[in-house]
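The values are calculated or read from the model by the stated rules, or taken from the named source; none is laboratory data. Please read all numbers here as calculations on a predicted model, not as lab measurements. No Cβ is skipped: glycine too gets one built from the backbone with ideal geometry, and neighbour counts run over all protein chains shown.
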Amino acid sequence: MAAAIVQQLGIIGYPVGHSLSPAMQQAAIEAAGLPYRYTAMEVLPEKLAATVSELRNSSFRGFNVTIPHKTAVMPLLDEIHEDARRIGAVNTVVQEEGRLIGYNTDAAGFLEGLRGVGRTFAGKNAVLLGAGGAARALLWALVKEGVEKILLGVRNVEKTRELLRDFSFAGNVMAVSWTAALFRERLAEVDLVVNATPLGMAPHTEVMPPVDWHALKAHAFLYDIIYTPTKTRFLREGEANGHETLNGIPMLIGQGAAAFRLWTGQEADREAMGRALSASLP
């Protein structure tokens, strides 16, 4: 006889139908034999506060948070973990005896992706393409990793002012337009190039950030956090030019596994999560 459902997990967002978390997390739950159930909950922005209050007073052990609530949920929580505070967004909430604690597992997932292919970039140089919400999480990951110098390659340097101010404590972050000569010059010095832009994501799969492959350091590693398609134009061209690459699936699994550990105290079965993702991806 199946175990009774004694704990609830889920994800809140609007819309939420696109999320792969339900398939991935339910696979991990079943692999662990836990009496949990993970559900998707579509929450309108004006209903966020009421929904969080209901979840606080329910059987929910915790929940994921996706767009557009990742920042708006923060004032509704009792405690914010450092990663979430630095990134300025929460993607995972844990309930501890009526207290809601906000976390962000994106940086952990990003670094787990690198560990999975035996890579570390402490003391080395990196280019991060983009300066949006995803880039903020990855910038924090690179700072935690101990990267020596981090260059933000962006369309509009003016839009990076707040990000640079928030990360001024790191002392090793600067921004430059990716059309500037300086950007091309710095490509010759970097060991890691990360695409944190949506350029290349389905359905616009034939676009990419402007990287000059002739300028790029010969053995630079390429990491694209996009996972649909699994191989973007950025990665395809990089491989054609002799670079090792990694797509966003390991990060997606890693951040989900980190959330699972926060809720359950157990390590997730990453292979089960990966199979569920493969079955869900187009």
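Brief remarks on what is shown
- Looking only at region 41-95, and only at residues there that are farther than 25 Å from LYS144 by Cα and of a type in the set (D, E, K, R), the one that is surrounded by the most Cβ atoms within 10 Å (Cβ to Cβ): ARG61
- Helices (runs of 4 or more DSSP H) within region 155-243 that include 2 or more residues acidic (Asp, Glu) and within 20 Å of GLY133 (Cα to Cα): 161-166
- Count of region 123-134 residues which are in contact with a Leu (Cβ under 6 Å, 6 or more places away or on another chain) and farther than 14 Å from ALA220 by Cβ: 1
- Some residue of region 95-113 being outside any strand (DSSP E or B), under 20 Å from ALA135 (Cβ atoms) and charged (D, E, K, R): yes
- For SER19, the conditions (1) assigned to a loop (DSSP other than H, G, I, E, B); (2) out of contact with any strand residue (DSSP E or B) (no Cβ under 7 Å at 6 or more places or on another chain) are fulfilled apart from (2).
- Candidates SER58, SER53 - the one that is part of a helix (DSSP H, G or I), within 16 Å of GLY98 (Cα to Cα) and not aliphatic (A, V, I, L, M): SER53
- Close pairs from region 196-216: first farther than 13 Å from PRO229 by Cβ and in contact (Cβ under 8 Å) with a residue 40 or more places away in the chain, partner part of a loop (DSSP other than H, G, I, E, B) and of a type in the set (Ser, Thr, Tyr), Cβ under 8 Å, at least 6 apart: PRO209/THR197
- Of the residues making up region 152-173, those that are within 22 Å of the chain's Cα centre (by Cα), under 21 Å from LEU199 (Cβ atoms) and not aliphatic (A, V, I, L, M) are GLY153, ARG155, LYS159, THR160.
- From the list ILE67, ILE80, the lone residue that is at pLDDT below 95 and not aromatic (Phe, Trp, Tyr) is ILE67.
So that you can scan it fast, the table gives a plain yes or no per residue for (1) of a type in the set (D, E, K, R); (2) touching a residue at least 60 places away in the same chain (Cβ under 8 Å):
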| site | (1), (2) |
| --- | --- |
| ASN64 | no, yes |
| PRO68 | no, no |
| THR71 | no, no |
| LEU77 | no, no |
| ASP83 | yes, no |
| GLU97 | yes, no |
| THR105 | no, yes |
